[in-house]
Amino acid sequence: MSNPTFELFLNTGTMLDAELQLLEEGADAVPELASLFSGESKNQFGIPYRDLGLPLRCALEVVIRLGPKARPLEPFLREQLEKGDETAARALAALGVLEPASVRLLVKQLDCYPESIAIESALTLIKCGYAESPDVIRALNQSETAMVAWVQVAHKKR
């Protein structure tokens, strides 16, 4: 059975309406978003909305705006970050406080290409207060790629 809100995500003319609708629900939107991220929510043809591109992007944007209310979605955000989705790093930043598994994954992403994922991961670690964590320091000392991304973000923050 298709989801009317996620159907709106499929059209650039209506996707903002759907985002606003979910934002109005606040924390009550989290279970619905979880069904999209998990792949449980599917369109009329049985295709998970998360596999259709735009709905996944819209859901991540909603999480960014929900901020800490979306903390239960953190495992799904990690999954997306691991797939190389830099918007997932921004969504993790919006949560404010992160689980250790998220911090470890963000540190790992400091040494990844494309550079945008490393930069977003660095920014998230800094925003969430993990700049001085031993894992971050170790990554910066072991990887030139990580250090370059970190310096770019730290320089912009000034």
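The values are calculated or read from the model by the stated rules, or taken from the named source; none is laboratory data. Quick caveat: nothing in here was measured; it's all calculated off a predicted structure. Cβ coordinates were reconstructed from backbone atoms using ideal geometry, including for glycine residues, and neighbour counts include every protein chain displayed. Heavy atoms of the whole protein, side chains included, go into the accessibility calculation; ligands, DNA and RNA do not. Shrake-Rupley method; radii C 1.70, N 1.55, O 1.52, S 1.80 Å.
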**OP:** On a C-alpha basis, how far is the centre of segment 47-62 from the centre of segment 85-158 in Å? Whole number, if you could?
**Re:** 24
Original post:
Ranked highest first by average number of other Cβ atoms within 10 Å, how do 145-152, 6-13 line up?
Top reply: 145-152, 6-13
Subject >> Per residue, in Å², the accessible surface of segment 23-158 once ligands and nucleic acids are set aside, probe 1.4 Å >> reply: 50
Original post:
How far is helix 100-109 tilted off the main Cα axis of the chain, in degrees rounded to 10, range 0 to 90?
Top reply: 70
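Quick check for me: using +1 on Lys/Arg Cβ and -1 on Asp/Glu Cβ, what's the dipole size of the chain about its Cα centre, in debye to the nearest 20? Present the calculation step by step, with values, prior to reporting the outcome.
Values: 16 positive and 22 negative charges, 103 e Å.
Approximately 500 debye in magnitude.
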Original post:
What is the helix-to-structure angle for 15-25, meaning the angle in degrees between its Cα long axis and the longest Cα principal axis of the chain, kept from 0 to 90 and rounded to the nearest 10?
Top reply: 80
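So, with a 1.4 angstrom probe, what is the percent of accessible area on the chain that is carbon and sulfur?
Values: 4360 of 8090 Å².
Carbon-and-sulfur percentage of accessible area, whole number: 54.
Taking only DSSP H segments of four or more residues, each worth -39500 (n - 2.57), what value at 222 nm results for the chain once the sum is divided by all its residues, to the nearest 500 deg cm²/dmol?
Details: 10 runs with 104 residues, N = 158.
Computed ellipticity for the chain at 222 nm equals -19500 deg cm²/dmol.
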Original post:
Among Pro114, Pro55, Pro68, whose mean-square fluctuation peaks in a Gaussian network model of the chain (Cα, cutoff 10 Å)?
Top reply: Pro114
Original post:
Which FRET efficiency value, to the nearest 0.05, is calculated for Thr14 and Val148 with the Förster distance at 41 angstrom and r the Cβ-Cβ distance?
Top reply: 0.50
